[in-house]
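Since the structure comes first, as structure tokens, the remarks are kept for the end.
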Amino acid sequence: MPPSTTSRSSSRRAEAGPPGRIALHLRRSPGAATECVRRLWDPWLDPEAVRVERDPDGVPWARVGERRLPLSISHADGHTAAAAHLERRVGVDLERLRPLPPEYARYFLTLEEQSAVAGWGDPATATLAAWTVKEAVLKARGRGLCDPPSSVRIRSLSQRGVELADPRIAAGCWREGDHVVAVACDGAATLPSVEVTRG
């Protein structure tokens, strides 16, 4: 879990804020997006009140009444991660933790980035962590893999933080059990706090 992350499982009623918070819900079964939005908006909200829609580009959004909330969803190995924010576009990527062949790095990491990811602490999975960050950033931009991963430049990567070349977007990446998770937020110089729930 990243240092700014808290884990919450209480059933207290919450206000629909603060706007600087990202809700991230991880689960093995369907419904992660609905639960994520409920945690962000109001844990007592009827699950039927949350609708997940896609815009013409295929980008998911959550709708609660007339309000449309930025949403991102990722699936890996029977698990689902969903991230939402009240105002800003977010991106999430979830990947099963595994080593990637070293030659994969040259396809989407510059030589400088290959050095920058050394801070991840596990050389065998550093390339996977970098890929996860890049995919989360592309989702937060609202373009996904329509834009090349090379359009995202990583200056440093560790489980304590991610520094990107673009100061208009912030990201974080960490291990979550046998998965690696990355979350990104567009329009933020630093990553808002991430509230992780599991279910």
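Each value in this text was obtained by applying a stated rule to the coordinates, not by laboratory testing. The shown structure was predicted, so the numbers you read here are calculated from the model rather than taken from an experiment. Note that we place each Cβ from the backbone using ideal geometry, even for glycine, and neighbour counts take in every protein chain shown.
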Ranked by GNM mean-square fluctuation in the chain (Cα springs under 10 Å), the top entry among T80, T125, T110 is T110
C-alpha long axis of helix 123-140 to longest principal axis of the chain, angle in ° = 50 degrees
Which loop-located GluC sites (Glu not before Pro) does the range 35-130 contain, where loop means any DSSP state but H, G, I, E or B and the Cβ has at most 16 other Cβ atoms within 10 Å?
-> E66, E87
Once the Cα gyration tensor of the range 105-199 is found, what semi-axes does its equivalent ellipsoid get, as square roots of 5 times the eigenvalues, in whole Å, sorted largest first?
-> 18, 17, 12
Among (i) 301; (ii) 188; (iii) 107, which one is volume of the Cα convex hull per residue in Å³ computed from these coordinates?
-> (iii)
³J(HN,Hα) across the range 144-159 via Karplus (A = 6.51, B = -1.76, C = 1.60, θ = phi - 60°), whole Hz, x for Gly/Pro?
-> x, 7, 5, 9, x, x, 5, 6, 9, 10, 9, 8, 7, 9, 8, 6
Can you tell me the relative contact order of the chain? Whole percent, Cα pairs under 8 Å, sequence separation 6 or more.
-> 24 percent
Loop-located trypsin sites (Lys or Arg not before Pro) in the range 27-126 whose Cβ has at most 15 other Cβ within 10 Å (DSSP) | R28
DSSP loop chymotrypsin sites (Phe, Trp or Tyr not before Pro) in the range 34-70 with at most 11 other Cβ atoms within 10 Å of their Cβ, which ones?
-> W44
May I ask for the Rg/Rh ratio of the range 31-111, computed from Cα atoms with Rh as the Kirkwood radius, given to two decimals?
-> 1.10
Quick one: putting +1 on the C-beta of Lys and Arg, -1 on the C-beta of Asp and Glu, what dipole do you get for the chain around its Cα centre, in Debye to the nearest 20?
-> 340 debye
May I ask for the angle, rounded to the nearest 10°, between helix 32-41 and the longest principal axis of the chain, with both axes built from Cα atoms and the value confined to 0 to 90°?
-> 60 degrees
